[in-house]
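Readers should treat all values here as calculations from the given coordinates under stated rules, not as data from a laboratory. Please read all numbers here as calculations on a predicted model, not as lab measurements. When we count neighbours, we look across all protein chains shown, and the Cβ atoms used for this are built from the backbone with ideal geometry, even at glycine.
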């Protein structure tokens, strides 16, 4: 089992399933593979794909966040769209108002900045604080980001274990 093989496995889903069986009795790798989400079969979005897609999610979630309370009709949705176009978004470092108004908007801005920086795990933590329609709007993206994070964590463990196995095999071959 070479280190390169480990990388190929986690980037190509068709290789993943056959390699999963080939992990054999290496408990570390078997355990890491078991944490990889089943969605790898359909493909896990890359960081850049998630970053690109988040811009649309951010825009739609912000519109949902700006819908006036109690106005779930089409008119309320149109107001949310209008407000999102004319109201400046807060800065990521701005503290949210103490009264809790517009809290979703501040969460979205912080999450957007974290996504841009490639900090998916921290962005997910922010998005899990959303409530109402903005949370629903960001739900699919958040699930995909969680899958990406879980896959990356498993990949780190598997790569490390492959490196250790490779090193021990090299040491055995020189003895």
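A simple spin-label model places pseudo-atoms 7 Å from Cα toward Cβ; at residue 28 and residue 129 they are separated by 3.6 nm. Extending 7 Å from Cα along the Cβ direction at residue 52 and again at residue 164 yields two label points whose distance is 3.7 nm.
Sorting the segments 118-124, 132-138, 47-53 by their residues' average number of neighbouring beta-carbon atoms within 10 angstrom, most packed first, yields 132-138, 118-124, 47-53.
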